[in-house]
1. Starting from the coordinates of the alpha-carbon atoms of segment 124-229, obtain the Kirkwood hydrodynamic radius over all distinct pairs and give the value in Å to one decimal.
2. Evaluate the chain: find the radius of gyration of its Cα atoms, find its Kirkwood radius, and give the ratio Rg to Rh.
3. Just add up the charged neighbours of ASP119: K/R +1, D/E -1, any other residue whose Cβ is under 14 Å from the Cβ of ASP119.
4. Quick one: angle between helix 19-28 and the longest Cα principal axis of the chain, in degrees between 0 and 90, rounded to 10, please.
5. What is the count of Lys pairs in segment 38-125 whose alpha carbons sit under 24 Å apart, if the two are 8 or more places apart or on different chains?
6. For segment 138-229, what does the accessible surface come to per residue with a 1.4 Å probe? Please give it in Å².
7. Counting only protein chains, not ligands or nucleic acids, how are TYR128, TYR227, TYR159 ordered by accessible area (probe 1.4 Å), most first?
8. Return the carbon/sulfur percentage of the accessible area of the chain, one whole number, probe 1.4 Å, all protein chains in place.
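The values are calculated or read from the model by the stated rules, or taken from the named source; none is laboratory data. In this text the structure is predicted, and so the values were computed from the model without any measurement. Note: ideal-geometry Cβ built from the backbone for every residue, glycine included; neighbour counts use all protein chains shown. Please note that ligands, DNA and RNA were not included when accessible areas were found on the heavy atoms of the full protein model with its side chains. Shrake-Rupley method; radii C 1.70, N 1.55, O 1.52, S 1.80 Å.
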Amino acid sequence: MASKKELLGKITGFQGLSDGDLEKLSLIAIHQRHKKGERIFCDGEDGKGFFVVARGQVKVYKMSPGGKEVILHMCGPGDQFGQAAIFGSRKYPAWAESLCECDLLLFPEEPFLALIKEDPHIAISIFYDLSLKLRQLTSQIESLALKEVPGRLASYLIYLAEEQKSPGAVTLDTSKYQLASMLGTTPETLSRILSDMADRELIRVDRRDITLLNHDILIQLAAQGRYEV
């Protein structure tokens, strides 16, 4: 694993910080290793700080009273999560669980708050990342409320193509079960929609690799939320 300072310099929002600022952050960061399926924090638990993924993948999710899981974020190397717990209610607003063996950096609440009081510009990186997550959640809520499953899937594929800087093809960064949870549907329905979109020659599916055959129609489907009648 890269040094704490090297890792922090590659994180979105931290990239503009000076070597001195990165050094200060690395000094308060605590390395943690989590096994696959290990819970990192619980919904409503007192916040102890926020995390950065150094290696592996973490899901952040909500649970309904009936036990239904909805994934809010999938966090990979360089992603931050849990920042909301160091402001406001000081409690984690969701659950977080490792999807494989993970190396995380924990930034404890008190040392981090003391650091941004000393250097307020460091806080900008946190607010930048939070604003990105807020936009993603807004888009996710819009899709769940206003779009049918094909429209939600089209929106996600277009987002993933932009994120991976690959307009013609994407690689799913999560399992179909987890993707179904993010889209508010079942794995069976997701598989059916993928097959239907392949039959319509909108996409070609090869396991986790998806070729976008008709980008314009996918954009139209994402905007309208359903197939044209």
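1. About 14.1 Å, per the Kirkwood formula over Cα pairs.
2. We get a ratio of 1.00 for the chain.
3. Local charge sum for ASP119: -2.
4. On a 0 to 90 degree scale, this one is about 90.
5. 9
6. Each residue of segment 138-229 exposes 56 Å² on average to a 1.4 Å probe.
7. Final ranking, largest accessible area leading: TYR128, TYR159, TYR227.
8. The computed percentage sits at 54.
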